[in-house]
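Nothing in this text is a laboratory measurement; each read-out follows from the coordinates by a stated rule. All values reported here derive from a predicted model rather than from experimental measurement. As a convention, Cβ positions derive from the backbone with ideal geometry for all residues, glycine included, and neighbour counts pool all protein chains shown.
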Amino acid sequence: MALRIAVIGAAGYVGGELLRLLLEHPEVASVIATSRSKAGEPVAEVHPQLGTLTDVRFSGLSPAEAAHDADVVFLALEHGESSKVAGEIFAAGSALVIDLAADFRVRDLELYARFYGRHPAPELVPRFTYALADVLGTELKGATALAAPGCFATAAELALYPLRGVGAGLLPALFGVTGSSGSGVHPKATTHHPARANNLFAYSVLAHRHEAEILERWRGWTGSPTARARLMTHSGPFVRGIHLTLHADLEPARAAGATVDVKALFRAAYAGRPFVRLLDQPPELTHVTGTNYALIHAAQSADGREAQVMVVVDNLVKGAGGQAIQAMNLALGLPEASGLRFGGIFP
Ligand SMILES: NC(=O)c1ccc[n+]([C@@H]2O[C@H](COP(=O)([O-])OP(=O)(O)OC[C@H]3O[C@@H](n4cnc5c(N)ncnc54)[C@H](OP(=O)(O)O)[C@@H]3O)[C@@H](O)[C@H]2O)c1
């Protein structure tokens, strides 16, 4: 297809991961990588792991200038920045815009405001399709603007989606642990090695921002505008990946007369989906590191009353760049797995 790509914000962790995958993508002919602070510097100086793939330098073009000659534009910017530039990028006329920040993930502006404050560009929100690629598949074909899901949200929603028919009364508990790369390239007190290594702690208690997009999906899937779900986020002593466990009491559904076979629901939801693998035992984080796969184990208690689902994803691949490229493939009608079918690194 000879796609011309622009990655805006390419000096960050998500930008670097997009470059790693796009530089090897068989349908990509060229990649512009922009950065404000690193313009003119070799990409390989900021992302040494890409030195074997490219000798290009970061471009100092503005987002609109970079978009002008691009078929696909990826925005890998800090929260709030995409809202400032999306309008001019649309005006530049690229075929497809994919935002990896949270700016355009939530349609319900009141729900958005509860977690992020007033939306700075509400008129642009309806242009974006929420791109949970493993669930939407070919429904994404023809989309022109995609909001890539958050990393925790991706794991949580893959655990929730098969349970959507069981009922809105479940109040699923979603316990997640993330690695330090989830916080981006700029060092913070909570990502500093002595604070992070050998440590585990909760954060954003009862208020993690990804709950906004999770609630919007869960309410849409269950058909109940008051359905609830709770995300409990933790920082773990590793760099990459998210391990998430869903626990749900199935009694409300059983009391209403439903028969619930958790394993069968997961098999049906992900039959034929190339990047979701259902395992017979709990998945391990290192088995998915560096890949676009989600590994899932869905279990049910012996008395049938409780569901427990474990999901592992790489936050920078399935939780960011990989899923965004999967969504690009689907939107453009390319083979879904193009450029994404590779294994992980273990040990
Ligand atoms: N890290 C994850 O696991 C993850 C997963 C899913 C989604 N996300 C989301 O993806 C986005 C990027 O995350 P990240 O972890 O990569 O953050 P990051 O490491 O802080 O990188 C953000 C980059 O954006 C660049 N930037 C900001 N404004 C720019 C502009 N106008 N033009 C060009 N570059 C600009 C910054 O570089 P310069 O200052 O040099 O321009 C910075 O390198 C965030 O919204 C985040 O929430 C992150």
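A Förster radius of 22 Å combined with the Cβ-Cβ distance from Arg107 to Thr138 puts the calculated FRET efficiency at roughly 0.55.
How high is the FRET efficiency from Ala195 to Arg127, r the C-beta distance, R0 35 Å, rounded to 0.05? After rounding to 0.05, the efficiency reads 0.30. Considering only the Cα atoms of the stretch 152-314, their convex hull presents on average a projected area of 10.0 nm². Taking amide H positions as modeled 1.01 Å from N, with prolines and chain starts lacking one, the residues under 5 Å from Thr129 and 5 or more places away or on another chain are Ala145, Leu146, Ala147. Paramagnetic label reach from Lys188 (point 7 Å along Cα→Cβ; backbone nitrogen cut-off under 11 Å): within the stretch 83-117, no residues. When each of Glu24, Glu110, Glu306 is scored by the number of other beta-carbon atoms lying within 10 Å, the sequence from fewest to most is Glu110, Glu24, Glu306. Label-to-label distance for Ser37 and Ile345 is 2.4 nm, based on points extended 7 Å past Cα in the beta-carbon direction. Antiparallel beta bridges, as assigned by DSSP with both residues in the chain, represent about 45 percent of the total such bridges. For the stretch 228-243, 3J(HN,Hα) computed residue by residue from phi via the Karplus equation (6.51, -1.76, 1.60; θ = phi - 60°) reads 10, 7, 10, 9, 10, 9, 9, 9, x, x, 9, 8, 10, x, 9, 10 Hz, glycine and proline entered as x. DSSP beta bridges in the stretch 199-347, what fraction antiparallel, as a percent rounded to 5? For the stretch 199-347, the DSSP antiparallel bridge percentage is about 85.
Can you tell me how the stretch 123-229 classifies by the Cα gyration tensor, rounded, prolate or oblate, using a/c under 1.5 as the rounded cut? Oblate shape, in that a/c is at least 1.5 and b/c is the bigger or equal ratio. Beyond 29 Å in Cα-Cα separation lie the following of the pairs Lys141/Lys318; Lys188/Lys318; Lys188/Lys263: Lys188/Lys263. Here the calculated FRET efficiency for Ala271 and Ala302, from their Cβ-Cβ distance with R0 = 25 Å, stands at 0.45, rounded to the nearest 0.05. Shape analysis of the chain yields a ratio of the Cα radius of gyration to the Kirkwood radius, Rg/Rh, of 0.96. Remark: the stretch 199-216, residue by residue, has Karplus-estimated 3J(HN,Hα) of 9, 8, 8, 7, 8, 6, 5, 6, 7, 5, 4, 5, 4, 4, 6, 5, 4, 4 Hz, where x stands for each Gly or Pro and the curve is 6.51 cos²θ - 1.76 cosθ + 1.60 at θ = phi - 60°.
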